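Beneath this line is the structure, given in structure tokens, with notes to follow.
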Amino acid sequence: MSEPSAAGTGSRASHLGVVTLTLMTAALFLTLRNMPMMAATGLQMVFFNAVTVFAFLIPIALVSAELATAWPRNGVFHWLEEAFGTQWGFTAVWLQWVQSLFGITSILSYVAASLAYAFDPRLANDRYFIVAVILAVYWAATLANLRGTRASGLISSVCLGAGVLLPSAVLIALAAVYVAQGRPVHLDLAPTLGNWLPLAQPQQSLVLFLSFIFGVVGIEVSASHAREVRDVRRNYPIAVFAAAVLGFVVTLAGGLAVAAVVPKAQLDLVSGSVQALQALFDTWGLGALVPVAALLVALGAAGQVSTWVVGPVKGLWAAGCAGNLPPALQEVNAQGVPRNLLIVQALAMSAVALVFLLVPSVNTAFLLLTSAAVVLYAAMYLMLFAAAIRLRYVEPDAPRPYRVPGGRTWGLWLVAGTGFVTTLACLLIGLLPPGGGVPEGAYAPAMLATLALMLAFPLLLNRWRRPAWAPAAQTE
């Protein structure tokens, strides 16, 4: 899952170059969290990673850039409102927010599993330990974010460097040395079609594919910087493609590293990256470094959570201030943080965390939460791509500092259409049972019921809203 940021308004002078924007965009989705699930697909990760980057990541980034430069206010809410009306704008931002409850919980389970390796690896499969860490870290992050976004930004920056980039570099470098020394490689390198493509057991492989998609959802927030880029028409696409290539190389190398050093039968889908680091450290008698690595990995994921705590809720709050939420949920504290919404969010996330106590295993709960988050986010992305196409027709003359390349409409149809089809496929894959003891007959209906309920709630709230919910002078 990627890290959201507040959308820029375009009021600042254009000053971002290609290198800066490339790094900012790549930082949104570079993480160790998805490497174990990538490793579980074997060499199929090459295929899945390529599909994720070129059929999902790039279409979202390019379409969002056009929308963000033309309609920079309020992000997803304003884009959908402009295309389809207020109720659908609110529905889109609601889905963006509610999926984060599932997504953040799965990220926090990764924090807990990684943290377990700093004390006792057996705790990684202890459901009560997982839930305790989820609640403690999330509520701590909520309290920290009540102090304002500056503190959250500082925490995220430090955690990204120390908890994501450094461990990733160590993992990839040590794995390269491991392979170069001729040690046992647990990755099946057979040059067969079935080894590279999801032909055998396609259902299991496709369910794991959702973790690739989950790793880049939220990339649309990169477009919030489009108006700050020098020569946006030229530099923005270059930066997006460069970030996509960088992310492809680093995450693919990390996934291959995990697959090479950890046998698939022993791979933990939640804490596999730390498993791999432990195996590598033990190879050279450096086991004492495992707790340090585990703490850094947990720190990196916790920093991502810190940003996700306040990011989606700000979009929901902005939509609420347009009259879509009761006044009590529009209030902010002295630091401009929507205090009441943050508390409601923390309570809702705490309820979602109980999934770990209700399902048979930590791995199964992790897959369930990931699937739910992707299904809900997929519904929002379908609306996003549709909005971009509609706005090209209903507001063709609106100033667009950045425009998806390819003539007046065919380029947008190609890019947005590719993203739409990929997103629809992800939604359908999310209805496939992940296994691990989940009742197959009840899974798809339960997931569809969840999606229907999450779609119905904002539409009903829109019908029930009152004129008093829209203050005469409410600013973002």
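Are there any helices (runs of 4 or more DSSP H) wholly within region 116-189 with 2 or more residues that are open to solvent by less than 50 Å² (accessible area, probe 1.4 Å) and modelled with pLDDT under 90, and if so which? It comes to 127-145, 149-160. Only one entry of P401, P458, P434 meets the criterion of being touching a helix residue (DSSP H, G or I) at 6+ places or on another chain (Cβ under 7 Å), of a type outside the set (A, V, I, L, M), surrounded by 13 or more Cβ atoms within 10 Å (Cβ to Cβ) and farther than 22 Å from L80 by Cα, and that entry is P434. Restricted to helices (runs of 4 or more DSSP H) entirely inside region 208-320, those with at least 2 residues that are closer than 14 Å to A39 by Cα and out of contact with any strand residue (DSSP E or B) (no Cβ under 7 Å at 6 or more places or on another chain) are 232-261, 272-283.
Condition check ((1) modelled with pLDDT of 85 or more; (2) open to solvent by less than 60 Å² (accessible area, probe 1.4 Å)) across all residues:
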position: A279; (1), (2): yes, yes
position: V297; (1), (2): yes, yes
position: A302; (1), (2): no, yes
position: S306; (1), (2): no, yes
position: A322; (1), (2): no, yes
position: E331; (1), (2): yes, no
position: R339; (1), (2): yes, no
position: L342; (1), (2): yes, yes
position: A353; (1), (2): yes, yes
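When region 394-420 is limited to residues that are free of Cβ contacts under 8 Å to residues at least 12 places away in the same chain and in a helix (DSSP H, G or I), the one that is farthest from the chain's Cα centre (by Cα) turns out to be W410.
Against the condition outside any helix (DSSP H, G or I) and either touching a strand residue (DSSP E or B) at 6+ places or on another chain (Cβ under 8 Å) or more than 24 Å from V229 (Cα to Cα) (or both), how does F102 come out, does it pass? The answer is no for F102. Against the test of being part of a helix (DSSP H, G or I) and open to solvent by less than 20 Å² (accessible area, probe 1.4 Å), the options A425, A442, A386, A373 yield a single qualifying residue, A373.
When region 445-455 is filtered for residues that are among the hydrophobic types (A, V, I, L, M, F, W, C) and either in a loop (DSSP other than H, G, I, E, B) or touching a residue at least 24 places away in the same chain (Cβ under 8 Å) (or both), the ones remaining, listed by number, are M447, L451, M454, L455. Pairing residues of region 290-301 that are within 12 Å of T31 (Cα to Cα) with residues that are among the polar types (S, T, N, Q) and modelled with pLDDT of 90 or more, at Cβ distances under 8 Å and at least 6 apart in sequence or on separate chains, gives V297/S273. Here are some residues: V217, V221. Which one is modelled with pLDDT under 75 and of a type in the set (A, V, I, L, M, F, W, C)? On inspection, the qualifying residue turns out to be V221. Just one of the listed residues (V177, V133, V170, V158) is of a type in the set (V, I, T) and touching a helix residue (DSSP H, G or I) at 6+ places or on another chain (Cβ under 6 Å), and it is V133.
Set side by side, the residues A239, A259 differ, and just one is open to solvent by less than 10 Å² (accessible area, probe 1.4 Å), in contact with a Leu (Cβ under 6 Å, 6 or more places away or on another chain) and under 19 Å from L43 (Cα atoms), which is A259.
Of all residues in region 190-204, those satisfying the criterion of being outside any loop (DSSP other than H, G, I, E, B) and modelled with pLDDT under 80 are P202, Q203, Q204. Scanning region 195-206 finds one or more residues that are within 22 Å of the chain's Cα centre (by Cα), of a type in the set (A, V, I, L, M) and closer than 30 Å to L23 by Cα. Being under 24 Å from I60 (Cβ atoms), aliphatic (A, V, I, L, M) and part of a loop (DSSP other than H, G, I, E, B) is true of L431.
R33 passes every criterion in (1) at pLDDT below 90; (2) under 20 Å from S168 (Cβ atoms); (3) open to solvent by 10 Å² or more (accessible area, probe 1.4 Å) apart from (3).
The values are calculated or read from the model by the stated rules, or taken from the named source; none is laboratory data. Since the structure is predicted, the reported quantities are computational estimates derived from the model, not experimental observations. Because the Cβ atoms are built from the backbone with ideal geometry, glycine has one as well, and the counts that use them run over all protein chains shown. All accessible areas refer to the heavy atoms of the entire protein, side chains included, with ligands and DNA or RNA removed. Shrake-Rupley method; radii C 1.70, N 1.55, O 1.52, S 1.80 Å.
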